[in-house]
Amino acid sequence: MSRLLANSLRSTLSKRIVCQNFKSKTNFTISKSLPIIATTPLRSFHQTPIRFNENKESPEVALNEVIKTESKMVEAIPNELDNVYQNFLNQSGFKLNSTNGNANVELIKTDPSTGNKIHVFFDIDEVTDIPTEELTEVEDLENEASALDQILCNVKIFIENESNNTGLFLNLFLQNTESSFMIDFVNVSNNAKQFLQNIEKENEFIDKFNYQGPKFAELDESLQTEFENYLVAKGIDNELADFIVAYSDFKEENEYRTWLTDVSKFLN
């Protein structure tokens, strides 16, 4: 198996493993059938044999040589977001708010039916972190490839009603290939502006001492279903999840390359 394929499989497999922790929650099937967009894992770590510092170089020089070699290898692999994801943004109406060096990303759009603003927040680290202790248990990545396309993303939704400064907050887990998601909890904010300011300044969504709402899985089934239908009508679906997975791969790879450059600058 080629190095690039192995790295690609490792990247995608890691996401699937990360998301296994959430699969104990109640699953709700989205009734809307949507096309599946294939993701392209791009993160590329390389396994390099350890070379001891035989020439008695300074540790800074020795480390920088390896950093520069790694940087050249990853820069040789194109890292571009496929046009299909730009088309998703154009068609869905979501605008992307992403800052270099920040793992938190926001998608925002105006709901045409109500005028409410729909904010979608996700953290690329929650999608792309690699739990190495889990990966060591996988003996054959090629045999796992067919199961790697099912990724569950932790997504936070805030629907803001600017006219009365209230908002509806939902913490949920979107799946990118099976048209399904799991709602963790639903909460109401009576000060939407303050809620958004707390996210911007401190990345805090819910105070741990505040009531988060009833356990969603224990609500009446008809109420659960209507919450599900409500979210789908607002564009919270597996196409959105697929974009989040693809964009997280793209952004995380860019951040990794920047990190290599910054470390090299420090060592010079």
Within the range 142-151, is there a residue that is under 21 Å from residue 205 (Cα atoms), modelled with pLDDT of 60 or more and either in contact with a helix residue (DSSP H, G or I) (Cβ under 6 Å, 6 or more places away or on another chain) or assigned to a strand (DSSP E or B) (or both)?
no
Picked from the range 213-268 (must be under 18 Å from the mean Cα position of the chain (by Cα), modelled with pLDDT of 90 or more and assigned to a loop (DSSP other than H, G, I, E, B)), the residue surrounded by the most Cβ atoms within 10 Å (Cβ to Cβ) is 236
Which count do you get for residues in the range 71-87 that are part of a helix (DSSP H, G or I) and either closer than 25 Å to residue 264 by Cβ or in contact with a Ser or Thr (Cβ under 8 Å, 6 or more places away or on another chain) (or both)?
5
Counted residues in the range 99-128 being touching a strand residue (DSSP E or B) at 6+ places or on another chain (Cβ under 7 Å) and assigned to a loop (DSSP other than H, G, I, E, B) come to 4
Of a type outside the set (A, V, I, L, M, F, W, C) and touching a strand residue (DSSP E or B) at 6+ places or on another chain (Cβ under 7 Å): is that true of residue 194 in this structure?
no
Matching option when the condition is closer than 19 Å to residue 107 by Cα and either touching an Asp or Glu at 6+ places or on another chain (Cβ under 8 Å) or not polar (S, T, N, Q) (or both), among 184, 249
249
Please go through the range 179-212 and give me each residue that is crowded, with 17+ Cβ neighbours inside 10 Å and of a type in the set (D, E, K, R), ordered by number.
184
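The values are calculated or read from the model by the stated rules, or taken from the named source; none is laboratory data. Everything numeric in this text was worked out from a predicted model, so none of it was measured. With ideal geometry, Cβ positions are generated from the backbone for all residues, glycine too; neighbour counts draw on all protein chains shown.
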